[in-house]
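Presented below is the structure to which this report refers.
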Amino acid sequence: MIASPFLNSPIKICCIGAGYVGGPTMAMIAKQCPDIQVHVVDLNQARIDQWNSDVLPVYEPGLDDVVREARGRNLTFSSRVETAIRESNIIFIAVNTPTKSFGIGAGRAANLEFIEKCARQIAECSTGHKIVVEKSTLPVRTAEAVKRILNSSAKDATFDVLSNPEFLAEGTAVQDLLQPDRVLIGGESSEAVERLAQVYGRWIPREKILTTNLWSSELSKLTANAFLAQRVSSINAISALCEATGADVDEVARAIGTDSRIGPKFLKSSVGFGGSCFQKDILNLVYLCEHFGLREVAQYWEQVVIMNDYQKRRFSERIVRTMFHTVSDKKIAIWGFAFKKDTNDTRESPAIHICRDLLEERARLVVYDPQVPEKQIRSELEACFQDSNGRLSETHKKLIETNVSVVKDVYVSAQEAHAIAVLTEWDEFKTIDCGRVYEEMRRPAFVFDGRNVLDRKAWLDRGFEVHSIGRPGVS
Ligand code: UDX
Ligand code: UDX
């Protein structure tokens with residue numbers, strides 16, 4: 001039993017950043033700990049308004065119920081950052097850390113601008129003792145910088161800094177938060193680590209709460225994402241060989257995945273991985289390795305991203321090549337725009353790259369996604385055509401306006417289409433009436449299944465020419 005007064009005083013939590021990580025994580029803490037006040041703050045007032053409304057900014061199965069239970073009881077969303085910092089004794093930082101687009105390390109290093117601003121603001125508003133928790137994924141030894149900023153700018157406060165990376169995956173966030181494989185807490189002060197462990201310990205078995213030093217915790221998050229992404233790139237590399245040789249990548253994945261040393265997860269070949277984390281974190285790892293002079297290690301990990309770019313490019317090239325080497329003025333139905341199913345997130349979605357390649361070939365695209373709004377689809381496409389100064393040429397602007405339409409009905413997307421490209425593995429695509437789709441389409445009716453979700457035999461029997469990932473095309 002620990003008798004420290006610091007450990008026994010009531011916990012009040014604040015989280016800076018109400019995004020895909022901050023929002024769901026804090027909602028789960030508030031749900032599981034009704035006696036702990038949890039205040040989530042964000043600079044973006046529109047996002048806060050959404051968290052306070054019936055339509056949350058993040059689509060996650062089960063999240064509505066979690067938020068509804070705790071909001072108004074012990075869970076608050078607001079833009080009152082200073083008040084929230086002042087009133088809490090555990091402060092999570094969950095702001096985004098995008099890849100730097102300028103200056104030293106551009107295209108690789110993490111942009112830590114928001115982290116530094118948060119640390120300065122925490123230092124300015126704090127009194128007494130606070131625990132500052134890095135929730136955002138950060139380069140190793142960022143905690144050192146955070147500590148220095150806090151301690152040098154603080155007027156009347158002391159701090160402990162902890163690293164507590166989040167391992168939730170989008171689409172399964174609620175389940176991942178409810179029953180995580182592990183919770184990782186890195187820190188120097190055992191009292192501070194214990195204090196945070198007590199919060200998670202309310203619903204997570206203690207043996208699943210791992211404690212490490214700060215640097216191991218920071219590096220473990222980068223390493224976990226790098227290993228997961230590496231598995232996807234490994235099976236995607238094999239998918240290219242399958243297409244060339246007549247092997248079937250899903251059969252190969254099943255055969256190797258039953259080896260308990262390899263395991264079955266993260267072996268689903270696809271059009272490429274997306275999401276806000278994998279690419280960013282690997283590039284970050286590569287940058288760190290280069291910084292420490294570890295050139296071979298950097299090259300090894302960079303290959304995971306190179307393979308992913310190759311997989312996306314290969315898919316769009318296959319579409320063009322198969323459709324008689326031209327898709328100009330042809331209508332292609334794009335099924336799915338999110339980076340994976342069960343999320344409305346489109347960050348780094350492979351769909352963006354495929355659509356860009358097809359638009360460059362002057363195809364006409366009709367996009368259907370059950371969760372991503374039209375505005376977001378258009379803004380992602382505009383962003384991918386911008387030059388390094390953020391400018392969008394008139395030609396590209398017009399191309400998107402005239403050649404992209406977004407529809408709310410999957411069957412409508414197939415009307416008069418020359419081809420369908422499945423880019424997200426939404427469950428509803430598995431049960432589509434392929435006969436009805438076939439009647440709507442031009443002939444030959446091409447299908448490019450970038451996620452291998454369609455019932456291939458049924459679609460082939462119906463008369464489609466089906467091109468799956470990691471299998472030779474069949475008509
Ligand atoms: C998280 C992590 O924090 C990131 O490091 C990880 O690699 C990916 O997941 P995520 O929650 O997905 O980021 O990001 P996002 O949905 O963009 O949310 C971040 C929020 O922080 C935004 O709502 C943004 O408005 C807010 N923010 C950003 C602030 O409130 N203050 C800032 O200074 C910067
Ligand atoms: C990932 C990590 O899984 C999570 O632990 C971390 O906290 C954040 O980054 P997320 O990006 O939300 O989570 O989703 P994830 O399920 O990992 O998928 C990432 C990408 O890989 C998606 O585009 C997905 O479609 C793709 N993928 C995943 C495959 O192509 N094949 C697979 O077998 C698995």
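I'd like the full set of residues that are without any contact (Cβ under 8 Å) to a residue 40 or more places away in the chain and assigned to a loop (DSSP other than H, G, I, E, B), limited to the range 45-69. Give the steps one after another, and end with the answer.
Within the range 45-69, the subset without any contact (Cβ under 8 Å) to a residue 40 or more places away in the chain is 45-57, 64-65, 68-69.
Residues satisfying the conditions are 52, 53, 54, 55, 56, 57.
Which of (1) surrounded by fewer than 20 Cβ atoms within 10 Å (Cβ to Cβ); (2) without any contact (Cβ under 8 Å) to a residue 60 or more places away in the chain; (3) within 24 Å of residue 277 (Cα to Cα) does residue 98 not meet, given it meets every other one?
(2)
For the range 331-357, what are the residues that are assigned to a loop (DSSP other than H, G, I, E, B), out of contact with any strand residue (DSSP E or B) (no Cβ under 7 Å at 6 or more places or on another chain) and not hydroxyl-bearing (Ser, Thr, Tyr)? Please lay out each step first, then the result.
First pass over the range 331-357, keeping only residues assigned to a loop (DSSP other than H, G, I, E, B): 336-349.
Imposing the further condition that a residue be out of contact with any strand residue (DSSP E or B) (no Cβ under 7 Å at 6 or more places or on another chain) reduces the set to 338-349.
Selection gives 338, 339, 340, 341, 342, 344, 345, 347, 348.
Could you list, in sequence order, the residues of the range 117-131 that are closer than 29 Å to residue 169 by Cβ and in contact with a helix residue (DSSP H, G or I) (Cβ under 6 Å, 6 or more places away or on another chain)?
Going residue by residue through the range 117-131, those that are closer than 29 Å to residue 169 by Cβ are 117-119, 122, 131.
Once the filter is applied, which keeps residues that are closer than 29 Å to residue 169 by Cβ and in contact with a helix residue (DSSP H, G or I) (Cβ under 6 Å, 6 or more places away or on another chain), the range 117-131 yields 119, 122, 131.
I'd like to check something: does the range 64-86 contain any residue that is buried (at least 21 other Cβ atoms within 10 Å of the Cβ), over 19 Å from the mean Cα position of the chain (by Cα) and under 24 Å from residue 147 (Cβ atoms)?
yes
So, in the range 70-91, of the ones that are assigned to a strand (DSSP E or B) and of a type in the set (A, V, I, L, M), which residue ends up nearest to residue 120 (Cα to Cα)? Let's see the steps before the verdict.
First pass over the range 70-91, keeping only residues assigned to a strand (DSSP E or B): 71, 75-78, 90-91.
Adding the requirement that they be of a type in the set (A, V, I, L, M) leaves 75, 90-91.
On the way: 75: 25, 90: 16, 91: 13 Å.
Within the range 70-91, the match that is nearest to residue 120 (Cα to Cα) is 91.
Go over the candidates 473, 450 one by one and state the one that is closer than 20 Å to residue 330 by Cβ, surrounded by 13 or more Cβ atoms within 10 Å (Cβ to Cβ) and not assigned by TED's automatic domain parsing to the domain that holds residue 319.
473
Please find, within the range 245-271, the residue that is nearest to ligand 2 (Cβ to nearest atom) out of those that are assigned to a helix (DSSP H, G or I) and farther than 11 Å from residue 469 by Cα. Even if it seems obvious, please write down each step before you answer.
Step one: of the range 245-271, the residues assigned to a helix (DSSP H, G or I) are 245, 249-257.
Still in the list and also farther than 11 Å from residue 469 by Cα: 245, 251-257.
Values: 245: 21, 251: 15, 252: 13, 253: 8, 254: 12, 255: 15, 256: 13, 257: 10 Å.
It comes out as 253.
Checking the conditions here, which among 161, 146, 133 is part of a strand (DSSP E or B), on the phi < 0 side of the Ramachandran plot and within 14 Å of ligand 1 (Cβ to nearest atom)? Can you show your working first?
On the way: 161 fails: within 14 Å of ligand 1 (Cβ to nearest atom); 146 fails: part of a strand (DSSP E or B).
Matching residue, one of 161, 146, 133: 133.
List the number of the failed condition for residue 383; all other conditions in (1) in a helix (DSSP H, G or I); (2) surrounded by 15 or more Cβ atoms within 10 Å (Cβ to Cβ); (3) hydrophobic (A, V, I, L, M, F, W, C) hold.
(2)
Do we find that residue 19 is within 11 Å of ligand 1 (Cβ to nearest atom) and either of a type outside the set (D, E, K, R) or within 19 Å of residue 343 (Cβ to Cβ) (or both) in this structure? First the steps, then the outcome.
Numbers: within 11 Å of ligand 1 (Cβ to nearest atom): yes; either of a type outside the set (D, E, K, R) or within 19 Å of residue 343 (Cβ to Cβ) (or both): yes.
Here the answer is yes, as residue 19 does meet what is asked.
Looking at 91, 104, can you tell me which residue is modelled with pLDDT of 95 or more and among the hydrophobic types (A, V, I, L, M, F, W, C)?
91
Just checking, which of 158, 142 is under 19 Å from residue 281 (Cα atoms) and in the same structural domain as residue 68 (by TED's automatic domain parsing)?
Values: 158 fails: under 19 Å from residue 281 (Cα atoms).
Residue meeting the stated conditions: 142.
Counting only residues that are touching a helix residue (DSSP H, G or I) at 6+ places or on another chain (Cβ under 7 Å) and part of a loop (DSSP other than H, G, I, E, B), which one in the range 198-226 is farthest from ligand 2 (Cβ to nearest atom)?
202
Scanning the range 164-192 for residues that are of a type in the set (Asp, Glu) and away from ligand 1 (no atom under 15 Å from the Cβ), which turns out surrounded by the fewest Cβ atoms within 10 Å (Cβ to Cβ)?
Residues of the range 164-192 that are of a type in the set (Asp, Glu), as a first pass: 166, 170, 176, 181, 188, 191.
Right, trim to away from ligand 1 (no atom under 15 Å from the Cβ) and you get 181, 188, 191.
Numbers: 181: 8, 188: 13, 191: 14.
So the residue we want is 181.
Given the conditions (1) surrounded by 18 or more Cβ atoms within 10 Å (Cβ to Cβ); (2) in contact (Cβ under 8 Å) with a residue 40 or more places away in the chain; (3) of a type in the set (Gly, Ala, Ser), which single one is not true for residue 240?
Result: residue 240 fails condition (1) only.
The values are calculated or read from the model by the stated rules, or taken from the named source; none is laboratory data. Predicted model, so just to flag it, every value in this text is computed and none were measured. Cβ atoms come from the backbone with ideal geometry, glycine included; neighbour counts cover every protein chain shown.
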